[in-house]
Structures are given as structure tokens and as C-alpha cells.
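Asker: Here it is: the structure, laid out below.
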Amino acid sequence: MLPRDPLGLILQGLALLGRPVLQSLLALGDMVSFTLNVLLRTFLPPFYPRIILQHAVEIGFFSLPVVGLTAFFAGMVLALQGHTGFARFSAEAAVPRIVALTLTRELGPVLTGLIVAGRMSSAIAAEIASMKVTEQINALITLSIKPLHYLVVPRVIAAVIVLPILVSISDIIGIMGGTLISVYQLDFHPDTYLQNTWNFIEPLDVISGLVKASAFGFLIAIMGCYQGLRCEEGAQGVGRATTLAVVAASVSILFANFILTSLFF
Amino acid sequence: MSSTENPILSLKNLHKSFEDHHVLQGIDLELFPQQSLAILGASGSGKSVLLKLILGLMPADKGSLALNGQKFEPTRQKDSRKLYARCGVLFQHSALFDSLPVWHNIAFSLIMNHKLPQHHAKQKAISLLEDVGLDTSCADLFPVALSGGMKKRVGLARALATNPDILFCDEPTTGLDPIMSNTIDHLIHSLAKKHQTTVLSITHNIISLPLLASHVAMLFQGRIIWYDSIDKLHKSKNPIVQQFIQGKQKKSSPASP
Ligand SMILES: Nc1ncnc2c1ncn2[C@@H]1O[C@H](COP(=O)(O)OP(=O)(O)OP(=O)(O)O)[C@@H](O)[C@H]1O
Ligand SMILES: [Mg+2]
């Protein structure tokens, strides 16, 4: 049986598809305008250096153990897998290079970014969201303090500064992990291994990794703050905001990683 | 008091809806210097919403406000800044900053806006703590360690820290025991007297009224249905006011308003 009004039905179907697309576009637009707003305010007074420092310690220092551990294991795994692969065409000597290259360019920033995203963008979102539902943000406003300046900008600056530091540390620890496995299990000489690594790495490898790290830091803080501030009333809203923040930060990190990698090649 | 004076704050025909829920349906209200006005109304009648409209924390759908006779749009930063510079706000649930100790909460504006050095600010905070009748040992506690009544008093101290001309109190005594309520009412009353502060408070607590207010405005179904000085409240013939005072729900009382 033919529907009575096929055109109407098609339009209805389109509307059904269109609504979520439109809503996502609106949400994206809101996020972009929020980001631009934050960028603008970063360069406008008032500045809160002490608060930036507090957040830097919170984001960086307390992430160190888990970031270091991850990098260490990643380095060891890379050495093992690299060895397996290169042994097939007798190119075992390339192990230090592949470990160094992969760590500095990719795994260092991406793993660190994802771990800090899981830890910090959720923490930031939860903190700001609960400030919102308990009217602390309203209290800030009536005390003549702009939430964007006081809550968002310092976190963003702190994350942009701290992530590259974390990634540098994770690069070093990762290479140490690779060295350890190569020396004790794959019969490399430690001096040659490190010499090999050092000679092979180019500044651009490291720099591209650190630039990525800064970008990821920016995304982590922005997504956490955005979801926190846009949170709906109630405890449920806070929970949703934290989840959304982690998802948004992780996805945008992977996306930005692709874009930045294409740029650096 | 002195209705010949110009009002500090006047609201004209304020409307606010949430989707199809028309919460405020044309509020007209004036607040005069050194007056203490209480807005009385049932739970859910829109008292907090009204305060948020005045403070620019939510946009009004319709209507206008004036601050000292000048037109004023609280959602515009340029205008709201003027109000925030001279007002203190006690929020319904205190809204203390969880991440800061009590003294820093109280001295927040002094440190952030007035650039007072930390130790001066802390001294001032401690003297405010004494003013609101809290032990000075509370200064270094964090808000989680305080009871609801203590939070209210810290919130009051924070609202008073910059010696505001206007004090907004959203239910300063809800959820407190009668003795604590009375203490807080006395506090607001005496502090307002001492600093000649204009007070706009929101309450549904009849017992608080004599201390808290010289004038009362009754909010009902989105409108101010009764406004007069506090002495007239108990003599009012208005059935809704009567109901509210007696705390009774008159089912069939179509008496003339
Ligand atoms: N952000 C909001 N979104 C939707 N509805 C809201 C919002 N804020 C308030 N309302 C509605 O507006 C009405 C008035 O709320 P309001 O908080 O002003 O009540 P109140 O008079 O302060 O009550 P109480 O004495 O219990 O604090 C309520 O019905 C509430 O559901
Ligand atoms: Mg309320």
C-alpha cells in the first residue's frame, strides 16, 4: 500500500534526520564561540598568575606518576614490537630509532594527552559544574569576578604550559623503558642504543610533539570548562558534564592529532 | 519610611517564563534608600527568580529596571557592574566557594577587587566573622566543615565585606532552627542599622518578618498583590495575606480581595 502523501513522508524523514544534525551544528557553533571568547580573554586583564600556578601544579604534578608509568610501558612495548618487526628483514639496529621516533612524534603526546584528558577534563568539568549548580558561579558574578577570566583562562593557560612539560618527561621515560628492554632482553649495548637514539632524533620530531602537547592541553582545559559551564541543573547534570568532557576532549585530541600530524609531514 | 525620596531600585512590569510556566507576570516594585523590604511568598512562587532578574543572573522576558532613577539592564555588563560594586548578596544556599577557606571566602572581593594584601584581608575577614557571631577559629576551615547555619552566616559576612549600600538576602533563615533564625534576623537587622544599608530580603518565614523588614511585599501567582509597612500586615484584610499569616489553606474563600 502506498502512503497517502509520499512527499510529506519524505519531508518528515528528512526532518527526523535534520534535527539532530542541526542541533549538533548549533552545539558546535556554541563551543567554537566559547573557545574564541576564551582566546580573546586570555590576552585581556585581569590576570591571575597565582591561580595559573595552582592549576599547573594540579594538572601537571599529580598526573606525573600515571603519565610516567604509561610512557615507560609504551617504550618497552615499542622496543619489543619493533624488534619483532625489524628482525624479519634483519634490521634490528633500527629499534632505537623507531622507539624514539614513535615516542616523540606520536605516542608521547597522544598517550599523555588522553591520560590527562581522562583525569583532568573530567575533574575540571565536575568542579565547574558543581560550582554552577550550587550557585557559586552566580556568587562569583555578583562579586564582580568574571567566571571566564577567573575559572577558564587560568586553567587553559596552565594546561597549555604543563602538557609539553609532561610530554618531555614522558619522552625521556619512554626512551628509558625502550633502552631497558633492548639492553636486558634484546642484547643491545646501552651506549650504542642511546647514541643511536640521540644521533637519529631531529629537533622537529621533538618540537612537533611538544606543539601537539600544547594543543592537546588547550583542548583538555577548554572541553572541561565548556561542559562544566554548560551543565544542566542537578547532580545528574554534573555527571553528564564530566562524561561529555572526557569524550569531547579525547575525540578532539585524536582529531587534532591527525590534523597536526598532516601539517608536520 | 521615606517614600518622598527617590527609589534606589525600581522594577516595572517584569515578566519571566520558563517554557510555558509563566512564573513572574508583571512585577512592579520599588526599593527606597535605607528601607528594609521583605518579599513574602510561597515556595515556588518565583522569589529567587525575581532576585536573579534583578541581579542579571537571568534575563527578563519583558519589563524594565532602574537603579537610582536611571534605566538599567542588569544582563548588560556595563550596567550590572554598577550594581555589583555596591551590593552584597546572600544566596539561598549560601554558595560559598568550596575551594577556599572561610576567611578567603569572606575576603574574596577585598582581595580580588580591592587588592587588599592577604594579611589585611584576613584580619578584616576575622572581624566580620565576629560580627556575624562565629568563632574566629572557623576562619581557616573549609566550607564543607561548616553546618548550614554557619554557612549562612559566613555567606552574610561575605555579602557585608565591602560595606554594600544594598544587601540582597535570599531566605537568610530557611532551614535553620528558630534560635539560629532569630540570631540571623537580629544580625541582619542590627548590621543594616549600623551601616545604613538598604535590605531586600526574600522569605517565607512569617516569624522573621518583624526584624527583617520595615515593609513587606507579597508575591502571589506572579504578581505583587499586597505591599505595605510591616505593622499593617496583621491587620490586612487581603485573604491571601491572611492565609499566609495563619498558615492555612482556605479551600473556599472567594472573599473580596
Ligand atoms: N532555571 C530554571 N528553569 C526552569 N524553571 C525554573 C528555573 N528556575 C526556577 N524555575 C521555576 O520557577 C519557579 C519559581 O522558582 P523560585 O526558585 O523562584 O522559587 P522560590 O519562590 O524561590 O521558592 P523557594 O521558597 O522554595 O526558594 C519554580 O516553579 C521553578 O520550577
Ligand atoms: Mg528561592
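Asker: Once A and B are treated as a pair rather than alone, how much accessible area drops out, both sides summed, in Å² to 100, probe 1.4 Å? Numbers along the way, then the final one.
Answerer: Values: alone 14620 and 12950 Å², together 25910 Å².
Roughly 1700 Å².
Asker: In addition: Debye sum, Cα scatterers, chain A, no solvent: what log₁₀ I/I(0) at q = 0.16 1/Å?
Answerer: For chain A, the Cα-only Debye profile gives -1.11.
Asker: Turning to a different aspect of this structure: Once whole DSSP H runs in chain A are found, which of them have Cα atoms spread over 18 Å or more along the helix axis and a mean Kyte-Doolittle score of at least 0.0?
Answerer: Both cut-offs are met by A:6-42, A:64-87, A:153-184, A:203-229, A:234-264.
Asker: By a straight-distance test (C-alpha under 12 Å), which aspartates and glutamates pair with residue B:122 as possible cross-link partners, with residues fewer than eight away in the same chain excluded?
Answerer: The reachable aspartates and glutamates, counting only those whose Cα sits under 12 Å from residue B:122, are B:140.
Asker: Looking only at the protein assembly as shown, where both bridge partners belong to it, what percent of the DSSP beta bridges are antiparallel (to the nearest 5)?
Answerer: On the way: 23 of 42 bridges.
Here the share of antiparallel DSSP bridges comes out near 55 percent.
Asker: Output needed: percent of Cα pairs per 20 Å distance bin for the protein assembly as shown, bins running from 0 to the one holding the longest distance.
Answerer: 19, 40, 26, 12, 2, 0
Asker: In debye, nearest 20, what is the charge dipole magnitude of the protein assembly as shown about its Cα centre with +1 on Lys and Arg Cβ and -1 on Asp and Glu Cβ, if you could check?
Answerer: Dipole size: approximately 1460 debye.
Asker: For the range B:1-53 and the range B:80-158, what is the centre-to-centre distance using only Cα atoms, to the nearest Å?
Answerer: Each part's Cα centre sits 26 Å from the other's.
Asker: What average number of partner chain Cβ atoms lie no more than 10 Å from the Cβ of the residues making up A:127-135?
Answerer: Rounded to a whole number, the mean comes out at 3.
Asker: Assuming a ≥ b ≥ c are the square roots of the Cα gyration tensor eigenvalues, decide whether the range A:14-61 counts as rounded (a/c under 1.5), prolate (otherwise, with a/b larger than b/c) or oblate.
Answerer: Cα axes put the range A:14-61 in the oblate bin.
Asker: Ok, one more. Could you compute the longest span of chain B free of trypsin sites (Lys or Arg not before Pro) located in DSSP loops and having at most 11 other Cβ atoms within 10 Å, not counting the site residues?
Answerer: Result for the longest clean stretch: B:116-234.
Asker: Next question. Longest exposed-loop-site-free stretch of chain A, with trypsin sites (Lys or Arg not before Pro), DSSP loop and at most 15 other Cβ within 10 Å? All intermediate terms of the calculation are to be shown ahead of the outcome.
Answerer: Values: sites that count: A:4, A:88.
Within chain A, the longest run free of exposed trypsin sites (Lys or Arg not before Pro) spans A:89-265.
Asker: Also: For the range A:59-157, what is the Kirkwood estimate of the hydrodynamic radius, computed as the reciprocal of the mean inverse distance between distinct Cα atoms, to one decimal in Å?
Answerer: 16.5 Å
Asker: Something else now. Cut-off 10 angstrom, C-alpha nodes, Gaussian network model of chain B. Which of B:26, B:56, B:44 fluctuates the most?
Answerer: B:44
Asker: Follow-up. Over the alpha-carbon set of the range B:104-257, work out the extent along each principal axis and list the three values in angstrom, largest first.
Answerer: Cα extents, longest axis first: 61, 29, 24 Å.
Asker: Calculate the mean, over all residues of peptide B:159-166, of how many other protein chain Cβ atoms lie within 10 angstrom of the residue's Cβ.
Answerer: 1
Asker: Please determine, in degrees from 0 to 90 and to the nearest 10, the orientation of helix B:102-112 with respect to the longest principal axis defined by the Cα atoms of chain B, where the helix direction is its Cα long axis.
Answerer: Orientation of helix B:102-112: about 90 degrees from the principal axis.
Asker: Note the direction-averaged projected area, equal to a quarter of the hull surface, for the Cα convex hull of the range B:1-120, in nm².
Answerer: That works out to 9.6 nm², a quarter of the Cα hull's surface.
Asker: If contacts are Cα pairs under 8 angstrom and at least 6 residues apart, what is the relative contact order of the range A:61-264 in percent?
Answerer: Details: 288 pairs, mean separation 73.9, N = 204.
Taking the mean separation of contacting Cα pairs over the length of the range A:61-264, I get 36 percent.
Asker: Ok, one more. When chain A is modelled as a GNM with alpha-carbon springs shorter than 10 Å, which of A:221, A:94, A:158 fluctuates the most?
Answerer: Evaluated over chain A, the most mobile residue of the options is A:94.
Asker: How many angstrom separate the Cα center of the range A:93-152 from the Cα center of the range A:39-80?
Answerer: The distance from the Cα centre of the range A:93-152 to that of the range A:39-80 comes to 8 Å.
Asker: Would you tally the net charge around residue A:220, using a Cβ to Cβ cut-off of less than 15 Å, leaving residue A:220 out, and scoring K and R as +1, D and E as -1?
Answerer: Values: positive: A:119, A:155, A:212; negative: A:58, A:127.
Once all neighbours under 15 Å are counted, the net charge is +1.
Asker: Here's another thing I want to ask about it. Within the set of other residues whose C-beta is less than 15 Å from the C-beta of residue A:124, count the net charge using Lys and Arg as +1 and Asp and Glu as -1.
Answerer: +2
Asker: Sticking with this one: Between residue A:172 and residue A:7, what is the spin-label point distance in nm, taking each point 7 Å from the Cα along the Cα→C-beta axis?
Answerer: Placing both labels 7 Å beyond Cα along the Cβ direction yields 7.2 nm.
Asker: Let me ask something additional. Just to confirm the filter: which chymotrypsin sites (Phe, Trp or Tyr not before Pro) across the range A:30-124 are DSSP coil and have at most 14 other Cβ within 10 angstrom of their Cβ?
Answerer: Listed in order of number, the matching sites are A:43, A:47, A:89.
Asker: Same structure, new question: Can you list, largest first and rounded to whole Å, the semi-axes you get for the range B:98-163 by taking the square root of 5 times each eigenvalue of its Cα gyration tensor?
Answerer: Computed over the range B:98-163, the values are 17, 12, 10 Å.
Asker: Mind checking which of B:140, B:20, B:170 has the largest fluctuation in a GNM of chain B, springs on alpha carbons under 10 Å?
Answerer: Between B:140, B:20, B:170, it is B:20 that shows the largest mean-square fluctuation.
Asker: Residues in the range A:59-77, backbone N under 17 Å from the label point at residue A:185 (7 Å along the Cα-to-beta-carbon vector): list them, ranges by number please.
Answerer: From the range A:59-77, the list is A:69-77.
Asker: Further, regarding this structure: Roughly to the nearest percent, how much of the accessible area of the range A:97-184 is carbon and sulfur, given a 1.4 Å probe?
Answerer: Looking at the range A:97-184 in its full context, I get 74 percent from C and S.
Asker: Please report, in debye to the nearest 20, how large the charge dipole of chain B is about its Cα centre when each Lys and Arg carries +1 at its beta carbon and each Asp and Glu carries -1 there.
Answerer: The calculation lands at about 360 debye.
Asker: With n ≥ 4 as the cut-off for DSSP H runs, can you work out [θ] at 222 nm for the protein assembly as shown, using -39500 (n - 2.57) per run divided by the number of residues, rounded to the nearest 500?
Answerer: -19000 deg cm²/dmol
Asker: Would you be so kind as to list the residues of the range B:72-101 that have their accessible area lowered by at least 50 Å² in the full protein complex compared with their chain by itself (1.4 Å probe)?
Answerer: Residues shielded by partner chains are B:84, B:91, B:97.
Asker: So what's the projected area for chain B, the Cα convex hull averaged over all directions, in nm²?
Answerer: Taking the Cα atoms of chain B, their convex hull projects to 14.7 nm² on average.
Asker: A follow-up question, please. Which log10 I(q)/I(0) values, to two decimals, does the range A:11-114 give at q = 0.09, 0.11, 0.12, 0.13 Å⁻¹ under the Debye formula with one point per Cα?
Answerer: The computed values of log10 I(q)/I(0) come out as -0.55, -0.71, -0.77, -0.80.
Asker: Additional query: Which angle from 0 to 90°, rounded to the nearest 10, does the C-alpha axis of helix B:148-160 make with the longest principal axis of chain B?
Answerer: 80 degrees
Asker: Related question: Can you send over the carbon and sulfur percentage of the accessible area for chain B, probe radius 1.4 Å, protein chains only?
Answerer: Carbon plus sulfur share of accessible area: 53 percent.
Asker: Skip the ligands, DNA and RNA, and give the accessible area per residue of the range B:98-163 with a 1.4 Å probe, whole Å².
Answerer: 42 Å²
The values are calculated or read from the model by the stated rules, or taken from the named source; none is laboratory data. Quick caveat: nothing in here was measured; it's all calculated off a predicted structure. FYI the Cβ positions are ideal-geometry reconstructions off the backbone, even for glycines, and counts take in every protein chain you see. Accessible surface areas use protein heavy atoms only, side chains included; no ligands, DNA or RNA. Shrake-Rupley method; radii C 1.70, N 1.55, O 1.52, S 1.80 Å.
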